[in-house]
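Here is the structure we will look at, set down as structure tokens.
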Amino acid sequence: MRGSGDSPGRGRPPKVTREELEQVALTLWDERGYDAVPLAEVAAAAGVTSRTVFRYFPSKSEIVWGGLVADIGGMRDYLDASPPQESLLARIRIAVTQLLASAENKPMDRLRLRVISRTPELQHSMPEPFRVWHTIVRDWLVEQLDAKPDDLAPQVIASGTQAAILRALLWWSMQGSAEPHDAVDEALRHLEDAASPR
């Protein structure tokens, strides 16, 4: 990236990595707000053109969401390996927290989630991998409940746990300590407690 005193020269544009662009964008959005900083300003701050940004990211939201996609393909394995004697909510909690604990906790994850927590537009525009996650959990629940994919119970449980997980991760992003999987574990335990007969 260029220093503040450098001026753009002719010839090839400066090289910048995907991670460097993410860092510049997320830092600006964290400091000033997602809606307040357009991609053209992100590009200028990184010392590249808007075209370069779009070569890495098809959309503005992809810069924020792209790095948060975990290995969702392994989610089904964790669900199947969860203790069958536990309740369905407990099994989902165990599977999700094990998946998150096994994933690399990258330094920019908290920054990404902090930007999302302050931007309602982002909270309501989950990317395709998160919808796939919902389908994986729903289909597992269909088998466990001997239900149909369009039955209400698997839909509600999958949606409810997914909403709780996102809320826990957004809460974690604003805190100074703990691990993301610990926040998710606590959130899903609250759901279990609420669902248990008193």
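The values are calculated or read from the model by the stated rules, or taken from the named source; none is laboratory data. The model shown is predicted, which means the values in this text are computed figures rather than measured ones. Note that we place each Cβ from the backbone using ideal geometry, even for glycine, and neighbour counts take in every protein chain shown. For the accessible areas, the whole protein counts, side chains as well, though only heavy atoms, and no ligand, DNA or RNA atoms are used. Shrake-Rupley method; radii C 1.70, N 1.55, O 1.52, S 1.80 Å.
How much accessible surface does Tyr56 have with a 1.4 Å probe, in Å² rounded to 10?
We get 80 Å² for Tyr56.
Pick out which of Gln85, Gln98, Gln144 has the largest mean-square fluctuation in a Gaussian network model of the chain, springs linking Cα atoms closer than 10 Å.
Evaluated over the chain, the most mobile residue of the options is Gln85.
Explain nothing, just the number: relative contact order of segment 120-163, from Cα pairs under 8 Å at least 6 residues apart, as a whole percent.
Numbers: 21 pairs, mean separation 14.9, N = 44.
After rounding, I find 34 percent.
Rounded, prolate or oblate: which one fits segment 111-198, using the alpha carbon gyration tensor with axes a ≥ b ≥ c (rounded when a/c is under 1.5, else prolate when a/b beats b/c, else oblate)? Present the calculation step by step, with values, prior to reporting the outcome.
Values: a/c = 2.56, a/b = 1.45, b/c = 1.77.
Oblate is the answer for segment 111-198, as a/c is 1.5 or above yet b/c matches or exceeds a/b.
To the nearest 0.05, what FRET efficiency results for Lys106 and Ser196 with a Förster distance of 25 Å applied to their C-beta separation?
Numbers: r = 35 Å, r/R0 = 1.40.
E(calc), rounded to 0.05, equals 0.10.
With each pseudo-label sitting 7 Å past Cα toward Cβ, what's the Ala36-Ser50 distance in nm, one decimal?
Distance between label points: 2.1 nm.
When only Cα pairs under 8 Å and 6 or more residues apart are kept, what is the percent relative contact order across the chain? Could the numbers behind the result be given before it?
Details: 184 pairs, mean separation 39.4, N = 198.
For the chain, the relative contact order is 20 percent.
Okay, helix-only estimate at 222 nm for the chain: each DSSP H run of n ≥ 4 adds -39500 (n - 2.57), divide by all residues, round to 500 deg cm²/dmol; what do you get? Mind showing how you got there, number by number?
Values: 11 runs with 128 residues, N = 198.
Calculated at 222 nm, the ellipticity per residue is -20000 deg cm²/dmol.
Rounded, prolate or oblate: which fits segment 85-155 when a ≥ b ≥ c are the square roots of the eigenvalues of the alpha-carbon gyration tensor, with rounded for a/c under 1.5 and prolate only if a/b beats b/c? Intermediate values should be presented prior to the final figure.
Working: a/c = 2.87, a/b = 1.58, b/c = 1.82.
Oblate, because a/c is 1.5 or more while a/b does not exceed b/c.
If I take R0 = 25 Å and measure r between the Cβ atoms of His124 and Met174 in this structure, what FRET efficiency does the formula 1/(1 + (r/R0)^6) give, to the nearest 0.05?
Details: r = 19 Å, r/R0 = 0.75.
Computed FRET efficiency for His124 and Met174: 0.85.
I need the shape label for segment 16-104. Rule: rounded when a/c is under 1.5, else prolate if a/b > b/c, else oblate, with a, b, c from the alpha carbon gyration tensor. Could you put the intermediate results ahead of the total?
On the way: a/c = 3.99, a/b = 2.95, b/c = 1.35.
Prolate shape, in that a/c is at least 1.5 and a/b is the bigger ratio.
Sort 22-28, 114-120 for me by packing, meaning the mean count of neighbouring Cβ atoms within 10 Å per residue, highest on top.
Numbers: 22-28: 20.6, 114-120: 18.0.
For the peptides 22-28, 114-120, the packing ranking is 22-28, 114-120.
Give, in whole angstrom and from largest to smallest, the semi-axes √(5λ) of the equivalent ellipsoid of the chain, with λ running over the eigenvalues of the Cα gyration tensor. Walk me through the intermediate numbers first.
Details: eigenvalues 300, 54, 40 Å².
Equivalent-ellipsoid dimensions as semi-axes: 39, 16, 14 Å.
Over the chain, average the accessible area per residue using a 1.4 Å probe and give it in Å², no decimals. Present the calculation step by step, with values, prior to reporting the outcome.
Values: 11080 Å² over 198 residues.
Using a 1.4 Å probe on heavy atoms only, each residue of the chain averages 56 Å².
Share of the chain's accessible area from carbon and sulfur, percent, 1.4 Å? Write down the numbers at each step before the final one.
Details: 5810 of 11080 Å².
After summing per-atom areas, the C and S share lands at 52 percent.
On a straight-distance basis, which lysines could pair with Lys60 in a cross-link, Cα separation under 27 angstrom, same-chain partners fewer than 8 positions away excluded?
Within the straight-line limit of under 27 Å, Lys60 reaches these lysines: Lys15, Lys106.
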